[in-house]
């Protein structure tokens, strides 16, 4: 696992695991989240819920898409949206999410990878 952490933390990829609850509380995030100005500790502690870092102009759409995918039974989806650093810098990200469900089909968490695509040619939503 240490080798995986070393590779992830040295890449533009951030691993996330979110609770299926309001604000998408973070259960786990790789240290590579520091590229966006956050520490893993402040996100996992609940001090900074994930929804608070999503750009305000994108938050409603992102929430609606997550709800639509979840209700449709989709277990793998991607989204492009912006997040905002504590200093106000804006980053475009490509979020690839996997939905975890319990034996009864109830969503327990979301997990996936977030990739900074700010420098890539725009094909934005």
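The values are calculated or read from the model by the stated rules, or taken from the named source; none is laboratory data. Since this is a predicted model, take the numbers as computed values, not measurements. Cβ atoms come from the backbone with ideal geometry, glycine included; neighbour counts cover every protein chain shown.
Odds and ends about this structure:
- Residue within region 14-23 that is free of Cβ contacts under 8 Å to residues at least 12 places away in the same chain and under 26 Å from residue 119 (Cβ atoms) present: no
- Flag for residue 58 being without any contact (Cβ under 8 Å) to a residue 24 or more places away in the chain and either in contact with a strand residue (DSSP E or B) (Cβ under 6 Å, 6 or more places away or on another chain) or in a loop (DSSP other than H, G, I, E, B) (or both): no
- Which numbered condition residue 80 fails, given (1) touching a helix residue (DSSP H, G or I) at 6+ places or on another chain (Cβ under 6 Å); (2) farther than 12 Å from residue 14 by Cα: (1)
- Taking the conditions (1) at pLDDT below 95; (2) surrounded by fewer than 16 Cβ atoms within 10 Å (Cβ to Cβ); (3) in contact with a strand residue (DSSP E or B) (Cβ under 6 Å, 6 or more places away or on another chain) in turn, residue 116 satisfies each one other than (2).
- Hey, residue 11 surrounded by 18 or more Cβ atoms within 10 Å (Cβ to Cβ), in contact with a helix residue (DSSP H, G or I) (Cβ under 9 Å, 6 or more places away or on another chain) and either at pLDDT below 95 or not in a strand (DSSP E or B) (or both) or not: no
- Filter pass, residue 78 being free of Cβ contacts under 8 Å to residues at least 24 places away in the same chain and either in contact with a strand residue (DSSP E or B) (Cβ under 9 Å, 6 or more places away or on another chain) or part of a helix (DSSP H, G or I) (or both): yes
- Considering region 34-47, and only residues there that are free of Cβ contacts under 8 Å to residues at least 40 places away in the same chain and under 13 Å from the mean Cα position of the chain (by Cα), the residue that is nearest to residue 108 (Cα to Cα) turns out to be 44.
- Residue under evaluation residue 59, criteria (1) at pLDDT 95 or above; (2) under 18 Å from residue 21 (Cβ atoms); (3) surrounded by 16 or more Cβ atoms within 10 Å (Cβ to Cβ), criterion not met: (3)
- Residue match in region 32-47 (condition: outside any helix (DSSP H, G or I) and in contact with a strand residue (DSSP E or B) (Cβ under 6 Å, 6 or more places away or on another chain)): no
- Qualifying position, being crowded, with 17+ Cβ neighbours inside 10 Å, in a helix (DSSP H, G or I) and either in contact with a strand residue (DSSP E or B) (Cβ under 9 Å, 6 or more places away or on another chain) or modelled with pLDDT of 95 or more (or both), among 110, 91, 69: 69
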